[in-house]
Amino acid sequence: MCGIVGYNGKKNATEIVINGLKKLEYRGYDSAGISLVKDGKLITNKEVGRIKNLEESFDFSSLNSNNAIGHTRWATHGVPSKINAHPHVSNDESIAVVHNGIIENYVELRDELTEKGYNFKSQTDTEVIPNLISENYNGDILDAVFKSIDSLKGAYALGIIDGNEPDRLIAVRHSSPLIFAIDKDGYLIASDITSVIEHTNKIIYLEDGDVVDIREDSYTIYDANHNKIEREILEVDYSSQDASKEGYDHFLIKEIHEQPKVLRDVISVKHKDYKINLEDAAFTKEEIENFNKIFITACGTAFHAGEVGKFAIEKLVKVPVVAEIASEFRYKNMFIDDKSLVILVSQSGETADTLAALKEAKKHGAKVLAITNVVGSTIAREADKVIYCYAGPEISVASTKAYTTQVISLYFMAMDIALKAEKISQDEVKEIIENLEKIPSQIEEILEDKENFKEIADEIKDAKSIFYTGRSLDYITAKEGALKLKEISYIHTEAFPSGELKHGSIALIEEGTPVISVATQKDVLEKTLSNNQELTARGAKVISIIENNNVFSKDISEDIIEIPETMDLLTPLLAVIPEQLIAYYTSLLLGNDVDKPRNLAKSVTVE
Ligand code: M6R
């Protein structure tokens with residue numbers, strides 16, 4: 001989603017901002033722009049499409065500056081266009097603003113400013129901000145920003161520069177992520193760490209309401225009440241290599257291949273000699289006994305991981321768990337109270353819907369446990385306890401290694417609760433962990449079979465619709481397979497519980513319709529196979545994902561994808577790998593932008 005980069009210091013801000021924007025491309029965007037101060041004058045340029053369009057539209061080499069802000073826009077208010085792209089500039093062309101988030105009262109503010117004589121060119125909510133600051137300006141940009149943000153409602157991370165005060169950059173964080181980074185020769189602001197890490201690893205994760213007044217060689221942070229405040233400077237362990245493709249054609253295929261290593265690492269930190277080690281994230285026996293309800297909430301792929309977590313808790317702890325997608329969670333009566341445990345799953349730790357669910361849970365006094373990948377993210381900071389996934393940076397929009405590490409984290413959490421609740425024994429925990437330890441090399445085995453997945457991709461790439469099916473835990477894996485395929489191939493793909501098809505959806509099956517059947521769960525295998533017979537009889541081309549000891553389905557599948565055998569509970573970790581590869585190769589064959597699929601954003605920071 002939208003990305004902000006800003007620099008104020010001794011180096012060439014123009015270059016730093018343009019390069020920083022390139023690092024944010026993975027978040028998803030449709031236009032980009034930059035404002036810089038040169039000889040006391042504000043210069044702004046914006047273009048639709050990729051950052052290279054912006055670079056080519058302008059002779060930036062002659063525009064060295066020490067102070068600049070840039071933005072990649074993912075359209076919310078108004079179509080992708082040059083006028084709607086950021087930065088937005090005040091009518092007097094003195095103040096430029098980049099904004100992530102949504103200003104909810106922008107219509108009201110725009111009407112008030114229009115009455116005062118301001119003109120609005122764009123369809124955006126953001127354009128009110130530079131004009132509001134201009135209206136409040138009385139010789140001091142910080143003072144004008146303070147007055148202006150007091151009138152803003154909604155979510156906003158802002159970068160602001162002012163031609164009248166060319167050595168100042170103001171940053172604001174309110175319910176939308178923004179980091180502040182300290183380099184030897186200057187300061188950066190950014191939506192995430194990827195665009196600053198090549199310069200410095202000294203990061204301040206700004207808190208809600210923070211405003212930073214950045215000069216070339218000093219800075220001051222103010223809190224939500226506009227009082228000066230010190231914030232901790234963290235030295236972040238993240239290398240710029242983490243954000244490179246390292247010889248792979250795409251981040252997606254690199255991240256798929258990273259899974260064996262990443263999973264080995266995650267499994268090894270979550271236990272010591274088969275004794276679960278969740279460190280500060282573990283609940284005590286008393287806390288566990290006090291919980292009356294357990295909820296899991298998340299979005300997209302993270303929600304599918306959450307559903308696997310629900311299955312694992314219900315199986316191991318033998319208590320019911322309510323799983324609800326985060327954008328619904330907040331608006332439904334979930335009956336949460338101060339004895340509830342609410343588990344949030346989020347790769348980025350910044351997803352607006354998941355964050356809203358967190359706030360809702362806390363409002364009712366619930367304990368909140370976050371399972372997230374990004375250290376220092378908003379969700380990690382606001383939750384009571386955090387289990388980190390340690391997947392490393394996930395750049396491709398389609399989530400792969402974050403999913404498998406989320407699932408592993410949830411298994412460990414479920415085992416920990418079950419053990420403390422005396423629902424399983426330490427021997428059973430050891431058996432599950434021993435099987436988990438085999439998973440990385442089992443994934444390596446699946447990854448060796450690339451040619452098979454390329455062929456399957458070739459067979460399905462021209463389909464009008466594709467279906468994924470499965471029963472029980474396999475249905476969750478089917479949903480993840482369908483999401484992965486549709487988001488990067490743009491082929492309509494839907495997941496159905498195998499047994500539900502005959503209640504309506506089987507009408508969609510035509511001669512040759514591809515159906516990928518996930519069939520790993522031994523207790524429902526025969527029923528799944530009968531459902532596949534029904535599909536084959538109606539012309540579907542069934543491709544089955546089965547464990548390699550399973551002989552039954554070979555007669556009724558046109559294609560078989562065999563995965564190594566594991567415990568039924570752990571099959572989502574293996575069955576998802578062919579799904580990821582099929583999605584990757586299908587997208588590649590169709591010539592799509594594999595890492596940055598259309599209309600999507602990596603970090604969805606608006607509700
Ligand atoms: O950062 P999060 O895990 O909170 O993101 C949630 C979803 O937006 C995300 O999982 C999305 O569905 C994936 N990009 C799909 O591959």
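Legend: distances between Cα atoms for Lys228/Lys332; Lys479/Lys522; Lys153/Lys228; Lys41/Lys596; pairs beyond 30 Å are Lys228/Lys332; Lys41/Lys596. Note on the chain: Kirkwood hydrodynamic radius from all Cα pairs is 25.4 Å, rounded to one decimal.
Its Cα centre serving as origin, the range 3-243 has a Cβ charge dipole (Lys and Arg +1, Asp and Glu -1) of approximately 560 debye.
Helix 571-589 axis versus longest C-alpha principal axis of the chain: approximately 60°, rounded to the nearest ten.
In the chain, Cα pairs under 8 Å separated by at least six residues give a relative contact order of 12 percent. Counting only alpha carbon atoms, the long axis of helix 352-363 and the longest principal axis of the chain meet at about 90°. When the range 251-444 is described by a simple charge dipole with +1 on each Lys and Arg Cβ and -1 on each Asp and Glu Cβ, the residue from Gly376, Ala323, Val386 located farthest towards its positive end is Ala323.
Amide H contacts under 5 Å for Lys11: none, restricted to partners 5 or more places along the chain or on a different chain, H placed in the peptide plane at 1.01 Å from N. The phi-based Karplus calculation (6.51 cos²θ - 1.76 cosθ + 1.60; θ = phi - 60°) puts the 3J(HN,Hα) values of the range 34-39 at 9, 10, 9, 9, 9, 6 Hz, whole numbers, x for Gly and Pro.
Take the residue pairs Lys275/Lys484; Lys38/Lys82; Lys430/Lys484; Lys275/Lys363 and return only those whose Cα atoms are more than 26 Å apart. Those over the limit are Lys275/Lys484; Lys430/Lys484; Lys275/Lys363. The calculated 222 nm mean residue ellipticity attributable to helices in the chain amounts to -11000 deg cm²/dmol, summing -39500 (n - 2.57) over DSSP H runs of n ≥ 4 and dividing by all residues. For Ser57 and Asn225, a Förster radius of 51 Å and the Cβ-Cβ distance give a FRET efficiency of 0.75, rounded to the nearest 0.05.
Between the amide H of Lys541 and those of Gly512, Thr513, Val515, distances stay under 5 Å, these residues lying 5 or more places away or on another chain, with hydrogens modeled in the peptide plane. In this simple spin-label approximation, Gln426 and Lys116 carry label points 7 Å from Cα along the Cα→Cβ vector, and these lie 6.9 nm apart. For the range 191-256, the calculated P(r), taken from all Cα-Cα distances in 5 Å bins from zero up to the bin holding the longest distance, is 3, 14, 18, 18, 16, 11, 7, 8, 5, 1 percent. Our estimate of slack between Lys315 and Gln533, defined as 0.36 nm per intervening residue step minus the Cα-Cα distance, is 75.5 nm.
Relative to the longest principal axis of the Cα atoms of the chain, the long axis of helix 106-115 makes an angle of roughly 20 degrees.
What you get for the chain, charging only the Cβ of Lys and Arg (+1) and of Asp and Glu (-1), is a dipole of about 460 debye around the Cα centre.
A cut-off of 5 Å between modelled amide H atoms, ignoring neighbours fewer than 5 places along the same chain, links Ile371 with Leu344, Val345, Ser346, Ile387.
Rounded to the nearest 20, the size of the Cβ-charge dipole of the range 256-328 about its Cα centre is 320 debye, with Lys and Arg at +1 and Asp and Glu at -1. Provide the percentage of antiparallel DSSP beta bridges, counting only those with both residues in the chain; round to the nearest 5. So the antiparallel bridges in the chain amount to around 60 percent.
For the peptides 53-62, 435-444, the ranking by mean Cβ contacts within 10 Å, running from highest to lowest, is 435-444, 53-62. For the range 333-341, putting each phi into the Karplus relation 6.51 cos²θ - 1.76 cosθ + 1.60 with θ = phi - 60° gives couplings of 7, 8, 6, 7, 9, 6, 10, 8, 10 Hz, in residue order, rounded to whole numbers and with x for Gly and Pro.
Listed peptides 568-579, 105-116, 71-82 appear in the order 568-579, 71-82, 105-116 once ranked by packing, highest mean of other Cβ atoms within 10 Å at the front.
Determine, from the Cβ-Cβ distance of Glu434 and Lys147 and an R0 of 60 Å, the FRET efficiency 1/(1 + (r/R0)^6), rounded to the nearest 0.05. For R0 = 60 Å, the calculated efficiency reads 0.45. Centre-to-centre, using Cα atoms only, the range 64-133 and the range 169-214 are separated by 21 Å. A simple rule links phi to the HN-Hα coupling: the Karplus curve 6.51 cos²θ - 1.76 cosθ + 1.60 with θ = phi - 60°, which for the range 453-463 gives 6, 5, 5, 4, 4, 5, 5, 9, 5, 9, 5 Hz, with x for Gly and Pro. By the Kirkwood approach, averaging reciprocal distances over each pair of separate Cα atoms, the range 3-243 gets a hydrodynamic radius of 17.4 Å.
Centre-to-centre separation between the Cα atoms of the range 376-401 and those of the range 282-322: 18 Å. Straight-line reach from Lys11: taking Cα to Cα under 16 Å and skipping same-chain neighbours fewer than 8 places apart, the aspartates and glutamates in range are Asp39, Asp167, Asp183, Asp185, Glu198, Glu216, Asp217.
Calculated translational diffusion coefficient of the range 450-589 (20 °C, 1.002 mPa s; Stokes-Einstein with Kirkwood radius over alpha-carbon pairs) equals 148 µm²/s. One decimal place: the segment Lys285-Gln123 gains 52.9 nm when fully extended, by the rule 0.36 nm per residue minus the C-alpha distance.
All of the numbers you see were taken from the coordinates with simple rules; none came from a lab. Owing to the predicted nature of the structure, the values given are computational and were not obtained by experimental measurement. Cβ coordinates were reconstructed from backbone atoms using ideal geometry, including for glycine residues, and neighbour counts include every protein chain displayed.
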